[in-house]
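Novice: Before we start, here is the structure in question, set down as structure tokens.
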Amino acid sequence: MRFLNPIYILFFSIILLVFSFAKLNDSKNELFSEESNLKNYNQIAENFHELKQNWDSKDTVTKLIEKLLIDNDLKGSDINIDEQKNKTVITLNSNSPVKIQKFANKILNEYVIIESFDIQKNKITFEIGTK
Amino acid sequence: MKLILSKKLEIVFLTKDIKVTLDKKIKKVNIVLSPEFYWSRIFNIPTTSQKEAIKLLPSMFEDILPQDGYEFYAKNIEGSNFVCFAYRSKDILQALKDSNISPSVINKVYFAQNEFSSQAPFKNGNFAYINQAEKLVQIPAKLFPDFEKLSNLDCRNIELSKNNIVLTYHSNIIKTSIIYTISIFFILISILNFMLILQNSSNISKIQINKIQITQKFNLPITSIQTTAIVQRLTSTHNKQLDIREKLDYILGFKKASIDGKIVLLKLANGKLNLIYQGDNGALFVNYLQKIFTLKQQKDSKNYLHLEIKL
């Protein structure tokens with residue numbers, strides 16, 4: 001070291017400094033990018049979970065049927081449930097417009113996939129997708 | 001210049017007129033400088049510290065030295081008396097370079113005056129060397145009467161002192177200590193930067209672990225492509241279902257406000273909404289629907305209005 005020119009050490013330290021700042025900058029950018037990705041990923045995950053729970057769960061339909069069958073307003077009503085392969089058809093036969101409206105509201109307020117419906121004076125039918 | 005074996009490391013007596021070739025096997029040598037490489041004076045300096053004395057030497061040698069660029073060394077001989085030396089590393093390095101002696105093989109550098117003070121007069125090349133008034137004097141052969149009778153220098157029994165100097169291998173444009181301070185400062189900042197980089201890497205690793213935990217918590221598919229595809233499909237379903245409910249709400253909204261009419265059939269199938277309206281105010285109902293829907297079919301039979309809306 002005795003015969004090493006201090007200017008070389010200075011140059012080396014400057015190069016090291018510049019290199020370290022460049023690497024630090026890269027590392028900061030990578031960290032910001034990863035943090036942003038994580039935030040985004042978390043949002044996607046929550047969104048995925050919520051959508052899956054709402055629209056891709058067979059439990060929702062089962063719970064809806066249970067609710068309809070135990071509902072005080074609809075108790076004793078003529079409710080037909082036809083569970084098919086990829087859909088469930090729920091029909092209410094009633095002369096009461098109030099009952100028909102309540103029945104429709106209960107189904108429409110749930111996260112169930114309504115593929116088709118037929119609302120008539122004395123009969124209301126909902127075809128709910130279960131795939 | 002002459003190469004002589006000593007008990008320990010080999011000693012090279014460096015002179016300007018003789019060049020020597022070192023054996024390739026030699027790894028380290030001690031250099032003893034002939035008087036032509038330095039100026040020497042005895043000064044009385046009111047200090048006992050060698051460091052303090054050296055600091056004062058530039059001004060004390062000022063009137064003696066012929067040019068700039070000298071470095072200084074002092075050896076305390078008695079009380080505040082110092083034998084002082086002024087030398088130029090540049091000249092010494094040039095002489096070493098002329099003899100093909102690499103700086104890497106040099107162990108230590110000494111002044112002949114300190115090392116050969118007890119030596120009898122000797123000859124080396126075309127010069128005689130004698131100790132006179134506590135100084136080693138170099139005399140050309142022609143001016144020394146008994147030159148041929150002198151023996152050659154023999155360093156085998158010489159024990160070198162601790163009074164060695166360190167050659168400066170570079171120019172001193174900026175003070176070396178300042179360069180070292182700046183360099184250390186830069187290196188410290190660099191180390192700090194590298195520590196921050198490590199910390200960032202650690203945080204990135206933690207983020208990766210968090211991602212895995214999120215994947216497990218929400219039971220996400222393995223690939224993001226699959227996740228995106230499912231999210232897109234379910235979002236489409238969500239929007240479609242919300243749209244059906246909103247439109248139905250809008251249609252039934254007329255029924256609430258109307259007294260003279262009623263919807264007797266509302267049927268959704270294959271993306272088409274068929275409805276039958278019974279009442280005198282059919283035109284009003286049509287106007288109401290046309291605000292947001294494009295009605296595809298209008299059949300007016302008796303009091304019944306048949307409409308088809310594409311959702």
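Any read-out appearing in this document is the output of simple, stated calculations on the displayed coordinates, not a laboratory observation. Here the structure is a predicted model, which is why all the values come from computation and not from measurement. Cβ atoms come from the backbone with ideal geometry, glycine included; neighbour counts cover every protein chain shown.
Novice: So what's the Cα pair-distance distribution over chain B, bin width 10 Å, in %?
Specialist: Going from the shortest bin to the longest, the percentages are 5, 16, 15, 10, 5, 5, 4, 5, 5, 5, 7, 8, 6, 3, 1, 0.
Novice: In addition: Which length gain, in nm to one decimal place, applies between B:Asn287 and B:Arg233 when the Cα-Cα distance is subtracted from 0.36 nm times their residue separation?
Specialist: The B:Asn287-B:Arg233 span can extend by a further 16.0 nm.
Novice: Order these by the 10 Å Cβ neighbour count, fewest first: B:Ser190, A:Ser77, B:Ser236, A:Ser57.
Specialist: B:Ser236, A:Ser57, A:Ser77, B:Ser190
Novice: Go ahead and set up a Gaussian network model of chain B, Cα springs under 10 Å, then flag whichever of B:Val231, B:Val12, B:Val166 fluctuates most.
Specialist: B:Val231
Novice: Computed FRET efficiency, Cβ-Cβ of B:Asp154 and B:Leu65, R0 35 Å: what is it to the nearest 0.05?
Specialist: 0.60
Novice: In nm, give the distance between the simple-model label positions of A:Ser57 and B:Gln94, each being 7 Å from the Cα along the Cα-to-Cβ direction.
Specialist: 9.2 nm
Novice: Within 10 Å of each Cβ in peptide B:204-211, how many partner chain Cβ atoms are there on average? Round it to a whole number, please.
Specialist: Mean number of neighbouring Cβ atoms from other chains: 4.
Novice: Using only alpha carbons, build the gyration tensor for the range B:1-122 and give me the equivalent ellipsoid semi-axes, biggest first, whole Å.
Specialist: So the three semi-axes of the range B:1-122 are 28, 16, 13 Å.
Novice: Connecting C-alpha atoms closer than 10 Å in a GNM of chain B, tell me which of B:Ile251, B:Ile54, B:Ile209 has the biggest fluctuation.
Specialist: Of B:Ile251, B:Ile54, B:Ile209, the Gaussian network model singles out B:Ile251 as fluctuating most.
Novice: Follow-up. Over chain A, consider all pairs of different Cα atoms and compute the Kirkwood hydrodynamic radius from their mean reciprocal separation; express it in Å, one decimal.
Specialist: 19.9 Å
Novice: Which helices, counted as full DSSP H runs in chain A, have an axial Cα extent of no less than 24 Å and a Kyte-Doolittle average of -1.0 or above?
Specialist: Counting only whole DSSP H runs, the qualifying helices are A:6-55.
Novice: How far apart, in nm, are two points set 7 Å out from the Cα along the Cα-to-Cβ line at B:Ser202 and at B:Gln226?
Specialist: In this crude spin-label approximation the distance works out to 3.4 nm.
Novice: Between A:Ile14 and A:Gln43, what FRET efficiency follows from the Cβ-Cβ distance if R0 is 56 Å, with the result rounded to 0.05?
Specialist: For R0 = 56 Å, the calculated efficiency reads 0.80.
Novice: While we're on this one: List, largest first, the extents of the alpha carbons of the range B:80-206 along their principal axes, each in whole Å.
Specialist: Taking max minus min along each principal axis of the Cα atoms, the range B:80-206 gives 87, 37, 29 Å.
Novice: While we're here: Per-residue Cβ counts within 10 Å, from other chains only, averaged over A:102-114: what number is that?
Specialist: Partner-chain Cβ atoms within 10 Å, mean over residues of A:102-114: 2.
Novice: I would also like to ask the following. In whole Å, how far is the Cα centre of the range A:38-103 from that of the range B:176-248?
Specialist: So the separation of the two Cα centres works out to 37 Å.
Novice: Run the quick spin-label model on B:Ser80 and B:Glu246: label points 7 Å from Cα toward the beta carbon, then report their separation in nm to one decimal.
Specialist: If labels sit at B:Ser80 and B:Glu246, their model points lie 10.1 nm apart.
Novice: Rounded to the nearest 500 deg cm²/dmol, what is the calculated helix-only ellipticity per residue at 222 nm for chain B, with -39500 (n - 2.57) per DSSP H run of length n ≥ 4?
Specialist: -12000 deg cm²/dmol
Novice: How large is the helix-only mean residue ellipticity at 222 nm for chain A, computed as the sum of -39500 (n - 2.57) over DSSP H runs with n ≥ 4, divided by its residue count, in deg cm²/dmol to the nearest 500?
Specialist: Estimated from H runs of four or more residues: -20500 deg cm²/dmol.
Novice: Tally Lys and Arg at +1 and Asp and Glu at -1 over the other residues with C-beta under 14 Å from the C-beta of B:Gly271: what net charge comes out?
Specialist: +2
Novice: So, one more: Quick one: what do you get for the protein assembly as shown if you divide its Cα Rg by 2.2 N^0.38 Å?
Specialist: Here the answer is 2.31, to two decimals.
Novice: Residues of A:21-34, mean number of Cβ from any other protein chain within 10 Å of their own Cβ, rounded to a whole number?
Specialist: If you average over the peptide's residues, the count of other-chain Cβ atoms is 4.
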